[in-house]
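What follows is a short report on a single structure.
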Amino acid sequence: MPKKISSKSTLIGTLNALIKLLNGEIQPEESDLNQFTDENGVPLNNLQAVFLTTYGKITADIEDIVTYENAFEANDNNGFYFDLSALIGQRNKIIEDYKESDEEIEIIDNGRVINLKNVKISNVSNPDSTSYYDQLILFIDQIIGFSIHSQDN
């Protein structure tokens, strides 16, 4: 069976690379392109991704999915932070186990997600109603459009 890829998830990966480039997190390959950091290495831009959904507008940083082994991080309160994106790897492992145990299994959706951090959600029907989250796992089938937003505005 051929491997299936989503053009939407591929495009979102490209958006994430563009934001990292414009924020100075990665340098352009071509030496004649302008650098996006000042002489001290400070980013000249402060951009985030914006996703439009039927619920509203989501503004956030796109982060990589982490492995379960890298999901725990100590915090300042002598506790820990768990990166929710590690659950995606666990989900994929469970799906593979199901496939190995039953050849007739059929996955009914693609389940592609984006790991978002520093999340702001504004409701489309009530723009004054805003929610903030440290992290959000967004299913890409919920996205109807995207853009780039400067955090300085």
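Placing dummy labels 7 Å off each Cα toward the beta-carbon, the span from Glu63 to Asp141 is 2.6 nm.
Phi angles across the range 112-124 convert, under the Karplus curve 6.51 cos²θ - 1.76 cosθ + 1.60 with θ = phi - 60°, into 3J(HN,Hα) values of 5, 9, 10, 8, 10, 10, 6, 8, 10, 10, 10, 6, 5 Hz, Gly and Pro given as x. With 19 Å as the limit, write out which pairs from Lys93/Lys117; Lys20/Lys57; Lys57/Lys117 have Cα-Cα distances beyond it, or answer none. Going by Cα-Cα distance, Lys93/Lys117; Lys20/Lys57 fall outside the 19 Å limit. For Thr53, nonlocal amide neighbours, meaning residues 5 or more places apart or on other chains whose placed amide H falls under 5 Å from its own, are Ile58, Ile144.
The numbers here are math on the coordinates, done by the rules we state, and not lab data. Nothing here was measured: the structure is a model prediction, and the numbers come from that model. Cβ atoms come from the backbone with ideal geometry, glycine included; neighbour counts cover every protein chain shown.
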